[in-house]
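Chemist: Pasting a structure below so you can have a look.
The values are calculated or read from the model by the stated rules, or taken from the named source; none is laboratory data. The model shown is predicted, which means the values in this text are computed figures rather than measured ones. Reconstructed Cβ throughout: ideal geometry from the backbone, glycine too, with neighbour counts over all protein chains shown.
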Amino acid sequence: MNQTAILQPDAEPEGSGPRDQIAALPARLREDGTVEVLLVTSRETRRWIIPKGWPMDGLADDAAAGVEAREEAGVKGKLLSVSIGRYAYWQRGRTETRFAQVDVFLLRVDKILKNWKEKGQRERRWFSVMEAADLVQEPELGQIFLRLAGQPGARRLLGLDRGKAARGKAGPT
């Protein structure tokens with residue numbers, strides 16, 4: 001068997017190209033005005049990831065990402081309806097490895113659940129954007145974290161501009 005063919009995405013069998021997934025990026029604004037993101041561990045390898053899964057029939061992709069966040073991380077909140085970025089990774093299964101592309105939807109966390117579907121299977125933890133970017137194995141995902149505060153839709157959803165305006169009004173006149 002030619003091992004090079006296993007590593008090259010364009011060498012995959014016909015009809016087994018990249019698989020599209022959806023993910024939620026749970027985030028919140030700290031009291032000091034900085035953004036932090038919630039990562040969860042994967043079930044098998046225990047590496048740090050964001051909640052992700054497959055598109056769901058009858059649900060828009062952002063809504064499906066919200067379902068994944070609730071099931072995998074135990075969080076609810078307001079979702080940005082457009083993707084804030086896309087990253088790719090190699091998904092390892094029991095019998096094959098496939099290339100997957102993931103559309104990421106920002107979730108402003110408004111509620112943290114005490115009990116959720118995968119509580120006993122994963123760990124969840126809040127990290128600064130920089131820490132999270134260093135912890136995930138996918139460089140493109142880390143870049144999404146680092147660019148988060150520069151995206152107008154993300155700024156509005158997280159309330160980054162409100163804090164700036166409030167500080168400006170509180171200053172001397």
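Chemist: So which residues in the stretch 130-156 are part of a helix (DSSP H, G or I), buried (at least 18 other Cβ atoms within 10 Å of the Cβ) and touching a residue at least 12 places away in the same chain (Cβ under 8 Å)?
Modeler: Scanning the stretch 130-156 gives Ala132, Ala133, Leu141, Ile144, Phe145, Leu148, Ala154.
Chemist: Still on this structure: With the structure loaded, tell me whether Ala63 is small (Gly, Ala, Ser), at pLDDT 95 or above and in contact with a Gly (Cβ under 9 Å, 6 or more places away or on another chain) or whether it fails that test.
Modeler: In short, no.
Chemist: Moving on. Answer yes or no: is there a residue in the stretch 102-113 that is farther than 12 Å from Ala27 by Cβ and free of Cβ contacts under 8 Å to residues at least 40 places away in the same chain.
Modeler: yes
Chemist: Tally up the residues in the stretch 66-94 that are in contact with a Gly (Cβ under 6 Å, 6 or more places away or on another chain), within 22 Å of Asn115 (Cβ to Cβ) and aliphatic (A, V, I, L, M), please.
Modeler: 1
Chemist: Residues to consider are Ala88, Ala100; find the one that is surrounded by fewer than 17 Cβ atoms within 10 Å (Cβ to Cβ), of a type in the set (A, V, I, L, M), modelled with pLDDT under 95 and in contact with a helix residue (DSSP H, G or I) (Cβ under 7 Å, 6 or more places away or on another chain).
Modeler: When all the criteria are applied, what remains is Ala88.
Chemist: What number goes with the only condition from (1) touching a residue at least 24 places away in the same chain (Cβ under 8 Å); (2) within 20 Å of Arg43 (Cβ to Cβ); (3) not hydrophobic (A, V, I, L, M, F, W, C) that Arg92 does not pass?
Modeler: The one condition Arg92 does not meet is (1).
Chemist: When you scan the stretch 39-57, how many residues do you find that are more than 11 Å from the chain's Cα centre (by Cα) and outside any loop (DSSP other than H, G, I, E, B)?
Modeler: The total comes to 1.
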